[in-house]
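Everything on this sheet refers to the single structure shown next.
Bear in mind that the values in this text are calculations on the coordinates, not laboratory data. On a predicted model such as this, the values are computed, not experimentally measured, just so you know. For neighbour counting, all protein chains shown are included, and Cβ atoms are generated from backbone atoms with ideal geometry for every residue, glycine included.
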Amino acid sequence: MIWNIVDSRKRKYRWRKINAVIENIEHDNSVNDTDVFDEENPNAPLYDEKKGVLLHEAIVWAESVPGKVTLYLYNDGDGI
């Protein structure tokens, strides 16, 4: 389930082919000015990625994983 999204796309209106990464929301705890996540989150993946997918597919995928995750978005060819 998506709890945070970090959109690192330089070309913000490209949706047809992007790269997506998900990480356990607990990874965000080390970032400055974050909302600290301090619950148990054992079912969330530590890391997973999809390359060359539709933006919609990335969101559906990240929302369907067990546990709480941050979804990172990148233009195709970037971020992974």
Filtered hits (lysines, Cα-Cα < 16 Å from residue 17, offset >= 8 within chain) -> 50, 51
Nearest 10 degrees, 0 to 90: what angle lies between the long axis of helix 55-64 and the longest principal axis of the chain (Cα atoms)? 20 degrees
Would you kindly derive the ³J(HN,Hα) couplings of the range 27-36 from the backbone phi angles with the Karplus curve 6.51 cos²θ - 1.76 cosθ + 1.60 (θ = phi - 60°), listing them in order in whole Hz, with x for Gly and Pro? 4, 6, 4, 8, 7, 4, 6, 9, 7, 6
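When the helix-only estimate is applied to the chain (DSSP H runs of n ≥ 4, each -39,500 (n - 2.57), divided by the residue count), what is the mean residue ellipticity at 222 nm, nearest 500 deg cm²/dmol? Write out the running numbers ahead of the final one.
Numbers: 1 runs with 10 residues, N = 80.
The helix-only estimate for the chain comes to -3500 deg cm²/dmol at 222 nm.
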Between residue 15 and residue 30, what length in nm is gained on full extension when 0.36 nm per residue of separation is reduced by their alpha carbon distance? 2.5 nm
The range 20-42 scanned against label point 7 Å out from residue 78 along Cα→C-beta; backbone N under 15 Å for 20-21
